[in-house]
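Visitor: Sending over a structure as structure tokens; questions will come in a sec.
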Amino acid sequence: MGKVTGFKDYNRKNFTLEVPEDRIKHYNEFTTPLSKEDMEEQGARCMECGVPFCHSSFGCPLGNLIPQFNDQVYRGKWENAFRTLMSTNNFPEFTGRVCPAICETACVLGMNETAVGIKNIEYSIIEKAYKKGWMKPQIPKRQTGKNVAVVGSGPAGLSAANQLNKAGHNVTVYEKDSRIGGLVRYGIPNFKLDKKDVVQRRVDLMSQEGVKFITDANIGVDIPLSELQNSNDAVIISTGAGNPRDLPIDNRDANNIHFAMEFLSQSNSRVEGESFSDEESILATDKHVVVIGGGDTGSDCVGNSIRQGAKSVTQIELMPKAPLERTEDMPWPTYPRVFKLSTSQAEGCEMDFNILSKSFIKDENGNVTGINCAKIEWEGRGFKEIEGSEFVLKADLVLLAMGFLGPLQDDVIKELSLDTDERSNIKTTGFATSVDGVFSAGDSRRGQSLVVWAIYEGRECAIEVDEYLTNSKTMLNSRDKSLCEI
């Protein structure tokens, strides 16, 4: 490490955020990065750790060489840092924006000081690479003649496609929606991850490298997966965990009760210029919105509802509020499940915890008007309702953001009669499904998880598929050493 006392000499500096009253007027990203000089100082804060947990199993699933690119940034060797970062992470422009930075919670400095700002450094590296022209198409030097179909264009499918294209295979990605990106396109709001200037920029680069993209192709529903099997040497299923958790209480059939992804998908599509009829439109404008579910998806619903001009936004959660600091049952360097106000929640949302939704209320026209709720208290893994705590939440729009129960079961899983595990995910040995030549990666295989885990899954699946296609030890591995040579 270049400056071994950097962690003592420099305090952590974060990106600045546009104030809430201004940023809720638009859907653009609202962070302002630090200067080059400030970022180099932040790189110097990385300690010369004996064991750098940031890229261990407690930190980054991808095994990003964090101390190495931190040091390269500190020394002003930004192109070297870019090569180091890209050797393990296909899409740092995604993770540098939306990853919860589990690497930082495993940072050794974070034991008793503020952790190194790894996520911001990662963001700065990749954005500089685009501006400097270092991030450019990498055309494979050889072609194997093998064809691979990837079903689903989320981060798992894209990373698998990117890796297999590098190995010289002909890769075609199929997406049921009209745009490429899956979760990062339709689930994550534009103000967190810009679709045109970030997501589409990367998709266009992959197209130039030789990856083919086919949209509006719902495999297993409109197009049999067997067609892909017949025309390809291998197929990867990376369709995500698209089965949302429902809330089967009285009056669930009321109008204006929707799953979070239905709302988020429309919100993102509107930003990209798409329009919807009055009958199918889901809008928070002039409505009292209640979001059920306190996680990231619920928070994204909050941010979009505020920008659409909701009269009020309330987010309720069945679970208790998380502690503000680590407790004994979440020691360093494990990821701490502590309470952290999201940027969307900070924009004007009422929050309440330990809330049980007992029934929906609807009017004579079948429209939801509220929710009958009660306070609960937890006893071990169960809870009991607090007597006399019932109350009514006014609601013109209810968004269910309570997580996902695995992949959809009535498309490719049903067509191929794929084996599934006890959580209804596609069951695999390694990444191979119960059908020869068919593989799975990402949330469809492991269940609902993070973007960084999806990228990891795609990379690891690509290794297995490449070995299957070539019947030899793969040229791919978890780290692209050729990128580290500069």
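Visitor: Quick one: which strands (runs of 3 or more DSSP E) lie wholly within the stretch 192-268 and hold at least 3 residues that are of a type in the set (Asp, Glu) and modelled with pLDDT of 95 or more? Let's see the steps before the verdict.
Guide: Values: elements: 212-214, 234-237, 257-259.
So the answer is none; nothing clears 3.
Visitor: (1) in contact with a Cys (Cβ under 9 Å, 6 or more places away or on another chain); (2) in the same structural domain as residue 194 (by TED's automatic domain parsing): which one isn't true of residue 223, the others all being true?
Guide: Answer for residue 223: the failing condition is (1).
Visitor: Looking only at the stretch 36-43, decide whether some residue is assigned by TED's automatic domain parsing to the domain that holds residue 113 and under 30 Å from residue 268 (Cα atoms). Spell out how you get there, then give the answer.
Guide: Here is the first cut: in the stretch 36-43, the ones assigned by TED's automatic domain parsing to the domain that holds residue 113 are 36-43.
With under 30 Å from residue 268 (Cα atoms) added as a condition, the list becomes none.
Checking the stretch 36-43: not a single residue is assigned by TED's automatic domain parsing to the domain that holds residue 113 and under 30 Å from residue 268 (Cα atoms).
Visitor: Just give me the residues in the stretch 280-319 being assigned to a loop (DSSP other than H, G, I, E, B) and closer than 16 Å to residue 352 by Cα, in sequence order. Before the answer, list the steps.
Guide: Here is the first cut: in the stretch 280-319, the ones assigned to a loop (DSSP other than H, G, I, E, B) are 280-287, 293-295, 308-311, 318-319.
Correct list: 293, 294, 295, 318, 319.
Visitor: Being of a type outside the set (A, V, I, L, M), part of a loop (DSSP other than H, G, I, E, B), closer than 21 Å to residue 181 by Cα and over 20 Å from the mean Cα position of the chain (by Cα): is that true of residue 100 here? Walk me through how you get there before you give the answer.
Guide: Details: of a type outside the set (A, V, I, L, M): yes; part of a loop (DSSP other than H, G, I, E, B): yes; closer than 21 Å to residue 181 by Cα: yes; over 20 Å from the mean Cα position of the chain (by Cα): no.
Considered against the rule, which asks whether it is of a type outside the set (A, V, I, L, M), part of a loop (DSSP other than H, G, I, E, B), closer than 21 Å to residue 181 by Cα and over 20 Å from the mean Cα position of the chain (by Cα), residue 100 comes out as no.
Visitor: Can you find, within the stretch 127-158, the residue that is surrounded by the most Cβ atoms within 10 Å (Cβ to Cβ) among those that are in a helix (DSSP H, G or I) and touching a Ser or Thr at 6+ places or on another chain (Cβ under 9 Å)?
Guide: Here the residue is 156.
Visitor: So, in the stretch 335-382, how many residues would count as being buried (at least 17 other Cβ atoms within 10 Å of the Cβ) and of a type in the set (Asp, Glu)?
Guide: Number of matching residues: 1.
Visitor: Oh, and also: Only residues that are farther than 16 Å from residue 319 by Cα, small (Gly, Ala, Ser) and either touching a residue at least 40 places away in the same chain (Cβ under 8 Å) or in contact with a strand residue (DSSP E or B) (Cβ under 7 Å, 6 or more places away or on another chain) (or both): list them for the stretch 273-300, please.
Guide: Selection gives 284 alone.
Visitor: Let me ask something else about it. Can you name the number of the only condition in (1) in contact with a Ser or Thr (Cβ under 7 Å, 6 or more places away or on another chain); (2) within 30 Å of residue 134 (Cβ to Cβ); (3) buried (at least 16 other Cβ atoms within 10 Å of the Cβ) that residue 304 fails?
Guide: (2)
The values are calculated or read from the model by the stated rules, or taken from the named source; none is laboratory data. Quick caveat: nothing in here was measured; it's all calculated off a predicted structure. No Cβ is skipped: glycine too gets one built from the backbone with ideal geometry, and neighbour counts run over all protein chains shown.
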